[in-house]
Amino acid sequence: MTSLLKTPLGKIHRMTFWTAVFWIIMALGLTATVIRFTQGLGAATNLSDKFPWGFWIGFDVLCGVGLAAGGFVVAAAVYIFHLDYYKPILRPAVLTAFLGYVLVVVALLFDLGRPWQIWHPLIMWNPHSVMFEVAWCVMFYTTVLALEFSPIVFERFKLEKPQKILHAIIVPLVILGVILSSLHQSSLGSLYLIVPEKVYPLWYSSNLPYLFFLTAIAVGPAMVTIESFLSSRTFRREIELPILSKLGKVTAVALSVYLVLKIEDVVNDHLWSYVFTFNLEGLLYWAEIILGAVVPIILLSYKKTNRSKKGLFYSALFVVLGFILNRMNLSVTSIEHYTGAHYFPSWMEISITLMIVALGFAGFRLAVKYLPVFPKEKEANEPLSKTFDVVEFIGDKHEHTTVLN
Amino acid sequence: MQHYGILIDTTLCIGCYACEEACADRWGFPKTDVHELSSTKNTTVLTVNDAYVPRMCMHCDVPTCASVCPVGALEKTDEGPVTYDVSKCIGCRYCMQACPFDVPKYQWNSANPKVSKCDMCHDRIVAGKKPACVEACPAEARVFGTLEELKQIAEKRFAENPANYFPQIYGIKEAGGTSILYLASKPFAEIGLKGNLPDHPLPSLTWAVMSKIPNYVFWGGTLLGGIYWITNRRKEVRDLEAKLEQMENTNPSRRISNHEQEN
Ligand code: SF4
Ligand code: SF4
């Protein structure tokens, strides 16, 4: 164990380093927040009339919602398909999804020009608008996620009655959640259906909603995998490899179908010349297809890599990066090509995003610390459970304590 | 009701910018020499390949902007203009992203921003007047009327001066048709008007998907419910079998006694 070799002092230094990073991010983020809300979007962002949607929509919303897809995939597996072996990851997945959606809404409050009217879609309806549908689904689904997560809180505070009520309605709730999720995950793609002449041909497709849905199904489990590895390092709680191998297979299947649809687009829409033009768009397209789809499919299909920690971690990482590349390509690269304007997010856009993500991490940490999010079996495990108690009280210095133990 | 519109004859525009000024007066915008649409300029006159090309919102027959707006802040009025209601707007800027003519502009430097675009002087039309820009135009390069009247005027100009015109009207079929119609002396792409738009309204692309949603909700719900029911049954059976097996294993004597009873 390398950690034993390090002095406790070194450990503390590392913690202070990350704490410092956290507070720097918060300081920058808050400064940017003040500028954003006092002087408007133009002062804080690089958005313009030529580029009305930037980093916050492309990354925070399009990627954020997708990366939180693990919640509905795992909930469906456990409650609807009765695949009990996924049970241990249900809670962390639902927690991440819930936090993810809350963060997306926070990001929207920054991005909307008139955020105090964010509730308007509730009473002002336009059923022709994809955005209207997304707004409703996100609103409802966030509520559903809160309810799906609530048993954990009730369990913590030993509230039996609400626990019973939720137990009774959990299946219809999960079904509702799956429907809402598949609707808005795909609708985020439908947002771009209406601009066929603006989106670069390699990314436009009448199948956009299906492509978005499939990539969400692929990236959800990948995020759960990554998260499990990260939390096993930070919180010393981990999820068994076989579960992650199975999750990997879900990803591989979804990505394979996705790849078939992408090839179909090339054939049907006669995109060969675009595919083999190695301009910026062409290269990014290949990067996305190979790194984000082909490589992970191969890694996840080989027994050797699908059953090793490293193999799973790296394939999940590829899937996530490929996913982010895909969303950014559609929302930024391809629109850049249309308007001819260059766009790169300002430091304020980036630091507000970082601040939101950092708050998400902090929220996850707090929830794991105070609520029974990770499986009990592990806690019953003798030597580990001791560390846990200490961890729960000492928090930040827990790595140090672990070493002492 | 017959929609009103504006016929813009680029062959007659002399580039005097009287329309820009009249528009600025109506909206209370500053008058500048920057000739491009912005949050303080709802109509402008561009110079493209030596031609003066007045530009503004096209007031589409089936407006993409109105179709994408989640709160219905944009609306095609009975008279023809497409209007904007800031009191509804949430500022998502989907209208800007989606408009095929890149018309809506944003007040980027306001903490209480609005979308900005031409409304064809809707209030003036309702009051029986012409739009301010049309009234200001000294060259008959902007003509106001019902779409029928405008088409007749266009045909008449084609017939009287065939040498001056490229014999088509831009806006008849572009994106399903618009209430602003253009005449030019050369193909429209050469004066910067977009040529790659479909003949059908763009909102039909999303509607093809959106209209399936109720069906999807119904069948998706049924399917998921069905799957739940089946896997639940299987699980119950499995659990029961496991329990029985366990009982048999832990208590073999009972099994014998059961047998005896049956016998
Ligand atoms: S030109 Fe653009 S802003 Fe004007 S009505 Fe058409 S879609 Fe709306
Ligand atoms: S910015 Fe306002 S007007 Fe435009 S689509 Fe969004 S809510 Fe509607």
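With a Förster radius of 51 Å applied to the beta-carbon distance between B:His35 and B:Tyr216, the computed FRET efficiency rounds to 0.60. For segment B:131-263, rounded, prolate or oblate, judged on the Cα gyration tensor with a ≥ b ≥ c (square roots of eigenvalues), a/c < 1.5 rounded, else prolate if a/b > b/c? Since a/c reaches 1.5 and a/b is larger than b/c, the shape of segment B:131-263 is classed as prolate. Comparing mean-square fluctuations of A:Lys303, A:Lys246, A:Lys161 from a GNM of chain A with C-alpha springs under 10 Å, the top value falls on A:Lys161. Here the extension length gained between A:Ile123 and A:Arg365 equals 83.5 nm, from 0.36 nm per residue of separation less the Cα-Cα distance. Highest GNM mean-square fluctuation, chain B, Cα pairs closer than 10 Å: which of B:Val143, B:Val53, B:Val237? Result for chain B, Cα springs under 10 Å: B:Val237 fluctuates most.
By the gyration tensor of its Cα atoms, with a ≥ b ≥ c the square roots of the eigenvalues, what is the shape of segment A:8-92: rounded for a/c under 1.5, prolate for a/b over b/c, or oblate? Taking the square roots of the gyration eigenvalues as a ≥ b ≥ c, segment A:8-92 is oblate.
The mean sequence distance of close C-alpha pairs (under 8 Å, at least 6 residues apart), as a share of the length of chain A, puts its relative contact order at 25 percent.
Expressed as a whole percentage, what fraction of the accessible surface of chain A belongs to carbon and sulfur atoms when a 1.4 Å probe is rolled over the protein heavy atoms? On chain A, the fraction of accessible area on carbon and sulfur atoms equals 73 percent. In segment B:54-92, which residues give up 40 Å² or more of accessible area once the other protein chains are added, compared with their chain alone (1.4 Å probe)? By number: B:Ser67, B:Pro70, B:Val71, B:Ile90, B:Cys92. 3J(HN,Hα) along segment A:112-117, derived from phi through the Karplus expression 6.51 cos²θ - 1.76 cosθ + 1.60 where θ = phi - 60°, amounts to 5, x, 10, x, 5, 9 Hz, with x in place of Gly and Pro. Using a probe of 1.4 angstrom and keeping all protein chains present, the accessible surface of chain A works out to 44 square angstrom per residue. For a test of the definition: using alpha carbon positions, the gyration tensor, and the 1.5 limit on a/c, classify segment B:41-113 as rounded, prolate or oblate. Because a/c hits 1.5 or more and a/b fails to exceed b/c, segment B:41-113 counts as oblate. For chain B, the list of Cys residues with no other Cys C-beta under 4.7 Å reads B:Cys13, B:Cys16, B:Cys23, B:Cys60, B:Cys69, B:Cys89, B:Cys92, B:Cys99, B:Cys121, B:Cys137. Database remark: amide H of B:Cys60 closer than 5 angstrom to the amide H of B:Ser179 (H placed geometrically; neighbours at sequence offset of 5 or more, or on other chains; Pro and chain starts carry no H). Between A:Glu148, A:Glu227, A:Glu197, the GNM of chain A built on Cα springs shorter than 10 angstrom shows A:Glu197 fluctuating the most. Only Lys, Arg, Asp and Glu carry charge here, each on its Cβ (+1 for the first two, -1 for the last two); on that basis segment B:154-253 has a dipole of about 200 debye about its Cα centre. Along segment B:88-99 the Karplus relation, 6.51 cos²θ - 1.76 cosθ + 1.60 evaluated at θ = phi - 60°, assigns HN-Hα couplings of 8, 4, 9, x, 7, 6, 5, 4, 5, 5, 9, 3 Hz to successive residues, with x for each Gly and Pro. Accessible area per residue for segment B:4-202, computed on protein heavy atoms with a 1.4 Å probe, is 40 Å². Between the helical axis of A:382-394 and the longest alpha-carbon principal axis of chain A there is an angle of about 70 degrees.
Would any residue of segment B:150-173 have its amide N under 17 Å from a label point 7 Å out along Cα→Cβ of B:Glu190? List them or say none. Residues B:162-170 fall inside that zone. Rounded to 0.05, the FRET efficiency of the A:Phe140 and A:Asp84 pair, given R0 = 30 Å and the Cβ-Cβ distance, is 0.65.
With θ taken as phi - 60° and the Karplus curve 6.51 cos²θ - 1.76 cosθ + 1.60 applied, the whole-hertz 3J(HN,Hα) list for segment B:160-176 is 6, 9, x, 5, 7, 10, 7, x, 9, 10, 7, x, 6, 10, 4, 6, x Hz, x standing for glycine and proline.
Dipole size of segment A:18-404 about its Cα centre, with +1 on Lys/Arg Cβ and -1 on Asp/Glu Cβ: approximately 980 debye, rounded to the nearest 20. Taking the three principal axes of the alpha carbon atoms in segment B:84-167, the coordinate ranges are 52, 30, 23 Å, sorted in descending order. Hey, if you drop one equal point scatterer on each alpha-carbon of chain B and run the Debye formula without solvent, what base-10 log of I(q)/I(0) do you get at q = 0.17 Å⁻¹? After summing over all Cα pairs, the log10 values are -1.35.
Whose amide H sits under 5 Å from the amide H of B:Leu46, counting only residues 5 or more places off or on another chain, with H placed in the peptide plane? Result for B:Leu46 returns B:Val53, B:Arg55.
Under a model in which nothing but the beta-carbon of Lys, Arg (+1) and Asp, Glu (-1) is charged, the protein assembly as shown shows a dipole of about 2280 debye around its Cα centre.
Between chain B and chain A, the total buried accessible area stands at approximately 4700 Å², from heavy atoms with a 1.4 Å probe.
The values are calculated or read from the model by the stated rules, or taken from the named source; none is laboratory data. For clarity, every value in this text was computed on a predicted model and none was experimentally measured. Ideal geometry is used to build each Cβ from the backbone, glycine not excepted, and the neighbour counts take in all protein chains shown. All accessible areas refer to the heavy atoms of the entire protein, side chains included, with ligands and DNA or RNA removed. Shrake-Rupley method; radii C 1.70, N 1.55, O 1.52, S 1.80 Å.
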